[in-house]
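Trainee: Would you mind keeping the following structure in view while I ask a few things?
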Amino acid sequence: MTLEKLLDALKIDAHPAYWDEIYPEAALEYAAEGCVTVQTGFLDALDAELRAFPHHRDAVYRAAAAIRENDALARYTVLLAHAMRRVRAFFAEFSALRLPEPPEGEDPLPYEMTGFFALCASAWDEARALRKRNVPEDVIRATVQGFDISVGIFARRHGREGFDTGRMNWCTNFLPPSNTLTIGRFNFAPGKFDYPAVVLRNTAGEYRILMHGTRIHRSGLLLGSPGAQDEEGAFDADFIETDGYFEGYCPAPTVPGKPAVVQKTRVRLEKPGWQAVLRPGDGYLVTHIPEAEDFSHEYQLASYRRAREIYAACYPDLGIRALHCRSWLLAPQMQGFLSPTSNLVQFQRDHLLYPCPCNGQGVFSHLFLQPVERYEDLPERTSLERGVKAIYLAGGVLYETAGFNITE
């Protein structure tokens, strides 16, 4: 079967250009072995060693059985697995990727789960790579379980188990040679710091942030943020370092109920009392917050501590200098209606907050989940939903916020 015929059979109208090159190799593998990742023996072994399917095992095995009976779906799953091995090309052309659409009246699960089983082909390589780094086995299992957890995230959005390109895109963050790990409550992804800020610490253990080479709206938000697009009163937040001092613009102290903003007054921090602990280009950990039930403050703190320990021991070459997060969950506007002792407010207080590039839309992808046409139709099931909804009904925006983690 040619690639063109395969895609026609699955009613897929687009594909990454490099698939034309890799298809013959994928077709040869399928002819020799079939689709290994949907075989019961493969799934049993993966689950036995890595506990890969802790929540959605029945759906995984049901989808695998259906794919085994559908030649086109099985071939496409093998092709997807081959495509992922070209990591750079896969990310570069991800927008052209389509998962098969089920014929009307058929169960969509096996069509969507082709992406899931293609990811499973990388699970052993992922585990081997992490073991070479001496990553603890429980962390390896938790990291591999991200595929299964993504099925649950899909279910919370659509009311049924399944998978889509959004979940697939997220899961590819764990493919080798990635060093992204699930540690406790969070996912941690190593990277190079690329936000317009420098983090400083003094001899007393106090932290400050100075903005670095960005333009600030007169409101204190980053220019270009929602409601902060006009140039009137805007200024450049430049950063200066000399032999004797650091100088620039600091974020204002957090005000509950208000967005994080930058002060208009320049600040000078004298050396040697202050030193930079995180600059653009330094190694750092991006903190991602997967959907889960337990968000207790104790669990958060334990996750931070263990992340620092594991990356220091297993990845000393990455030069990790700090933990950092960018999320709607850091918006201090929510402190205006949440209890000061709530887990979310305590999460925010563990970070030194500052404004960052945002579009004010993150809350719709991660809190309300279901699209609505009018803000009036947003649900009000919790105090968090009620408070956020009120912000949008009043014509405001919940600003995604960045923060440097200051827990030890």
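The values are calculated or read from the model by the stated rules, or taken from the named source; none is laboratory data. Remember, it's a predicted structure, so these values are computed and weren't measured experimentally. FYI the Cβ positions are ideal-geometry reconstructions off the backbone, even for glycines, and counts take in every protein chain you see. Note: accessible area is taken over every heavy atom of the protein model, side chains too, but ligands, DNA and RNA are not part of it. Shrake-Rupley method; radii C 1.70, N 1.55, O 1.52, S 1.80 Å.
Trainee: Output the 0 to 90 degree angle, nearest 10, between the alpha-carbon long axis of helix 19-33 and the longest principal axis computed from the alpha carbons of the chain.
Mentor: 50 degrees
Trainee: How many percent of the alpha carbon pairs in segment 52-166 exceed a separation of 23 Å?
Mentor: Details: 2102 of 6555 pairs.
Percentage above 23 Å: 32.
Trainee: Shifting gears a bit: Determine the calculated [θ] at 222 nm for the chain from helices alone, applying -39500 (n - 2.57) to every DSSP H run no shorter than 4 residues and normalising by the residue count; nearest 500 deg cm²/dmol. Walk me through the intermediate numbers first.
Mentor: Numbers: 15 runs with 151 residues, N = 408.
Here the helix-only value at 222 nm equals -11000 deg cm²/dmol.
Trainee: Stokes-Einstein diffusion coefficient for the chain at 4 °C in a medium of 1.567 mPa s, Rh from the Kirkwood formula over Cα pairs: what value in µm²/s?
Mentor: 55 µm²/s
Trainee: Please enumerate, by chain and number, the lysines with C-alpha under 26 Å from the C-alpha of LYS258, excluding those fewer than 8 residues away in the same chain.
Mentor: Result set, ordered by chain and number: LYS389.
Trainee: For segment 333-394, just list the percent of Cα-Cα distances falling in each 5 Å bin from zero outward, please.
Mentor: All Cα pairs considered, the percentages come to 3, 15, 25, 25, 20, 10, 3, 0.
Trainee: What angle, in degrees between 0 and 90 and rounded to the nearest 10, separates the Cα long axis of helix 146-158 from the longest principal axis of the Cα atoms of the chain?
Mentor: The answer is roughly 80 degrees.
Trainee: To the nearest Å, what is the center-to-center distance of segment 1-77 and segment 347-408, using C-alpha atoms only?
Mentor: Using only Cα atoms to place each centre, the spacing works out to 38 Å.
Trainee: At 1.4 Å probe size, put GLU291, GLU298 in order of accessible surface, largest to smallest.
Mentor: In descending accessible area the options line up as GLU298, GLU291.
Trainee: Quick one: Debye curve from the alpha-carbon atoms of segment 1-48 only, equal weights, vacuum; give me log10 I(q)/I(0) at q = 0.20, 0.23, 0.29 Å⁻¹ to two decimals.
Mentor: Each listed q maps to, in turn, -0.79, -0.89, -1.04.
Trainee: Something else: Any idea what log10 I(q)/I(0) is at q = 0.19 Å⁻¹ for segment 275-408, Debye with uniform C-alpha scatterers and no solvent?
Mentor: Results for segment 275-408 at q = 0.19 Å⁻¹ read -1.15.
Trainee: What net charge do the residues around ALA127 carry, taking every other residue with its C-beta under 12 Å from that of ALA127, with Lys and Arg at +1 and Asp and Glu at -1? Walk me through the numbers on the way to the answer.
Mentor: On the way: positive: ARG51, ARG128, ARG131, LYS132, ARG133, ARG141; negative: GLU49, ASP125, GLU126, GLU137.
Net of charged neighbours comes to +2.
Trainee: Using a Gaussian network model of the chain whose springs link C-alpha atoms within less than 10 Å, name the residue from LEU109, LEU393, LEU200 with the highest mean-square fluctuation.
Mentor: LEU393
Trainee: When 1/r is averaged over all different Cα pairs and the result inverted, which Kirkwood radius in Å belongs to segment 256-316? Could the numbers behind the result be given before it?
Mentor: Details: mean 1/r = 0.0630 Å⁻¹.
Result for segment 256-316, one decimal place: 15.9 Å.
Trainee: Then there is this: Treating only the Cβ atoms of Lys and Arg (+1) and Asp and Glu (-1) as charged, compute the dipole magnitude of the chain about its Cα centre; round to the nearest 20 debye.
Mentor: Values: 42 positive and 53 negative charges, 279 e Å.
My answer is approximately 1340 debye.
Trainee: Using +1 at the C-beta of Lys and Arg and -1 at the C-beta of Asp and Glu, which of ALA390, LEU99, ALA52 has the Cα lying farthest in the positive direction of the dipole of the chain?
Mentor: ALA390
Trainee: Further question on the same structure: May I ask you to evaluate 6.51 cos²θ - 1.76 cosθ + 1.60, the Karplus curve with θ = phi - 60°, for each residue of segment 7-16 and list the ³J(HN,Hα) values in order in whole Hz, giving x for glycine and proline?
Mentor: Rounded to whole hertz, the list is 5, 4, 5, 9, 6, 9, 9, 8, 7, x.
Trainee: Please list the equivalent ellipsoid semi-axes of segment 36-106, computed as the square roots of five times the alpha-carbon gyration tensor eigenvalues, in descending order and whole angstrom. Write down the numbers at each step before the final one.
Mentor: Details: eigenvalues 103, 67, 27 Å².
Ellipsoid semi-axes (Å, largest first): 23, 18, 12.
Trainee: What dipole magnitude, in Debye to the nearest 20, does segment 195-283 give about its Cα centre under +1 on Lys/Arg Cβ and -1 on Asp/Glu Cβ?
Mentor: Values: 10 positive and 11 negative charges, 57 e Å.
Rounded to the nearest 20 debye, it is 280 debye.
Trainee: Kindly give Rg over Rh for segment 190-312, based on alpha-carbon atoms, with the Kirkwood expression for the hydrodynamic radius.
Mentor: Working: Rg = 16.8 Å, Rh = 16.6 Å.
That ratio equals 1.01.
Trainee: What is the angle, in °, between the Cα long axis of helix 123-132 and the longest principal axis of the Cα atoms in the chain? Nearest 10 is fine, range 0 to 90.
Mentor: Helix 123-132 sits roughly 50 degrees off the main axis of the chain.
Trainee: Okay, moving on. Filter the GluC sites (Glu not before Pro) in segment 155-258 down to the DSSP loop ones having no more than 12 other Cβ atoms within 10 Å, then list what survives. Numbers along the way, then the final one.
Mentor: Values: sites: GLU161, GLU206, GLU231, GLU232, GLU241, GLU247; in loops: GLU161, GLU206, GLU231, GLU232.
Counting only loop positions with at most 12 other Cβ atoms within 10 Å, the GluC sites (Glu not before Pro) in segment 155-258 are GLU206, GLU231, GLU232.
Trainee: Okay, moving on. Give me a comma-separated list of calculated 3J(HN,Hα) values for segment 92-97, in order, Karplus coefficients 6.51, -1.76, 1.60 applied at θ = phi - 60°, integers in Hz, x for any Gly or Pro.
Mentor: For segment 92-97, the Karplus curve yields 5, 10, 4, 4, 8, 7 Hz.
Trainee: OK, next. Could you list the square roots of 5 times each eigenvalue of the Cα gyration tensor of segment 99-245, that is, the equivalent ellipsoid semi-axes, sorted largest first and rounded to whole Å?
Mentor: With the √(5λ) rule applied to segment 99-245, the semi-axes are 41, 25, 12 Å.
Trainee: When the Karplus curve 6.51 cos²θ - 1.76 cosθ + 1.60 is applied with θ = phi - 60°, which whole-Hz ³J(HN,Hα) does each residue of segment 347-356 get, with x for Gly and Pro?
Mentor: 4, 5, 6, 7, 10, 8, 8, 7, x, 9
Trainee: Suppose a student asked you for the relative contact order of the chain, using Cα pairs under 8 Å spaced at least 6 residues apart; what percent would you report? It would help to have the intermediate numbers written out before the result.
Mentor: Details: 688 pairs, mean separation 52.7, N = 408.
This gives 13 percent for the chain.
Trainee: So, one more: Could you work out the percent of alpha carbon pairs in segment 121-168 separated by over 12 Å, rounded to a whole number?
Mentor: On the way: 721 of 1128 pairs.
Taking all Cα-Cα pairs of segment 121-168, the fraction more than 12 Å apart is 64 percent.
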